[in-house]
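Before any comments, here is the structure.
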Amino acid sequence: MNSTTRKFIFHDLQTVEGYIDPPDALVFLSLLQGQQGRALDGGIAEIGVFYGRSYYLFRKICGPDAKLLAIDLFDIGKTSDGVSLQYSRFLENGRRLGLEVDENLIVKGDSTKLTATEIREKIGEVRFFSIDGGHMLQHVAADSRLAMDSLAKHGVVAFDDTFNPAWPEVTVGVADFLRERGSEFSAFCMTKYKTYVCRREFHEFYYGMIADAPDLTAFDHVETEFLGSRVARLHNPISRRMVYELMVRSGMSAFSERVYR
């Protein structure tokens, strides 16, 4: 286990407003380090940056030289003169954490208007593509096509908010993608918030990577079936979540990592 990165996940990263919780941060860590350990190269792409919690996790894991493309409208808190307060806070988070931002690889705009060619021109083929953009069906459909067309052969796609009742069209969009592309793609892992997908020829490879990851031993690995594929569902009991939240809210975030050992 990388104690420095785990400390970052459970302490520093929690100071950035956002939605990736420790279980998925540990899945990201396991998959990205697993790829790096096997020389499975490629860029990292993220749709939906918000204030940078996932972005800085990618940067921490993959290092300053990784080609990391961030795509977001950056339209939260826009002033009358066009300045994005969201973008300013995103950059400030990077300065505070001591992590660099390559502003040449920031796309301020609608992901549905991008092409896979534009992504590959910026960062090459993508080994990890995180989708957390628009949550309507048309957004998920467009973003999943974009990911599929820019993905390296060994690439992984992480869909956020699958099975979240607040965003039912995300679930429909992911299911449509897997039904329509079932001969090519399959899910291999699920958490409370995300579904992880890869090409079918890498399904057992990534399924095994999740099963063997030392940073995921705290979770119950429940085998389930989803649209014809064996999936590892990582169960995070509510009792553990409650203890973790209590520690964070009590100012004990520095020790909260122990809950997930």
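The values are calculated or read from the model by the stated rules, or taken from the named source; none is laboratory data. In this text the structure is predicted, and so the values were computed from the model without any measurement. Using ideal geometry, Cβ is built from the backbone for each residue, glycine included, and neighbour counts are taken over all protein chains shown.
Worth a mention:
- Count of the stretch 50-103 residues which are surrounded by fewer than 17 Cβ atoms within 10 Å (Cβ to Cβ) and at positive phi: 4
- Candidates in the stretch 104-155 are the residues that are part of a strand (DSSP E or B) and surrounded by fewer than 18 Cβ atoms within 10 Å (Cβ to Cβ); of these, the one that is modelled with the lowest pLDDT is LYS108.
- Checking the stated criteria, THR191 turns out not to satisfy the condition of being out of contact with any Ser or Thr (no Cβ under 6 Å at 6 or more places or on another chain) and farther than 20 Å from PRO23 by Cα.
- All positions within the stretch 163-177 that are in contact with a helix residue (DSSP H, G or I) (Cβ under 6 Å, 6 or more places away or on another chain) and buried (at least 22 other Cβ atoms within 10 Å of the Cβ): VAL170, GLY173, PHE177
- Filtered by the rule that a residue be under 21 Å from ALA218 (Cα atoms), in contact with a Phe, Trp or Tyr (Cβ under 9 Å, 6 or more places away or on another chain) and modelled with pLDDT under 95, the stretch 13-57 gives LEU13, TYR19, ILE20, ASP21, PRO22, PRO23.
- Residues in the stretch 134-187 that are touching a residue at least 60 places away in the same chain (Cβ under 8 Å) and acidic (Asp, Glu): 2 in all.
- For the condition out of contact with any Lys or Arg (no Cβ under 7 Å at 6 or more places or on another chain) and more than 15 Å from LEU31 (Cβ to Cβ), TYR206 does not qualify.
- Of the residues making up the stretch 1-52, those that are charged (D, E, K, R) and farther than 27 Å from PHE74 by Cβ are ARG6, LYS7, ARG38, ASP41.
- Taking the stretch 184-224 as the range and being out of contact with any helix residue (DSSP H, G or I) (no Cβ under 8 Å at 6 or more places or on another chain) and assigned to a strand (DSSP E or B) as the test, the residues that pass are MET190, ARG199, ASP220, VAL222, GLU223, THR224.
- Qualifying residue in the stretch 95-103 (condition: within 24 Å of GLU17 (Cβ to Cβ) and part of a strand (DSSP E or B)): no
- For the stretch 178-209, the set of residues classified as touching a His at 6+ places or on another chain (Cβ under 8 Å) and either among the acidic types (Asp, Glu) or buried (at least 22 other Cβ atoms within 10 Å of the Cβ) (or both) consists of SER186, PHE188, CYS198, listed by residue number.
- Count of residues meeting criterion [assigned to a loop (DSSP other than H, G, I, E, B) and either of a type outside the set (Gly, Ala, Ser) or buried (at least 18 other Cβ atoms within 10 Å of the Cβ) (or both)] in the stretch 1-49: 15
- Residue check, GLY251 at positive phi and outside any helix (DSSP H, G or I): yes
- Of the residues examined, ARG240 is not one that is more than 20 Å from the chain's Cα centre (by Cα), modelled with pLDDT of 95 or more and over 24 Å from ARG38 (Cα atoms).
- Filtered by the rule that a residue be in contact (Cβ under 8 Å) with a residue 12 or more places away in the chain and either among the aliphatic types (A, V, I, L, M) or not in a loop (DSSP other than H, G, I, E, B) (or both), the stretch 225-241 gives PHE226, LEU227, SER229, ARG230, VAL231, ALA232, ARG233, LEU234, HIS235, ARG240.
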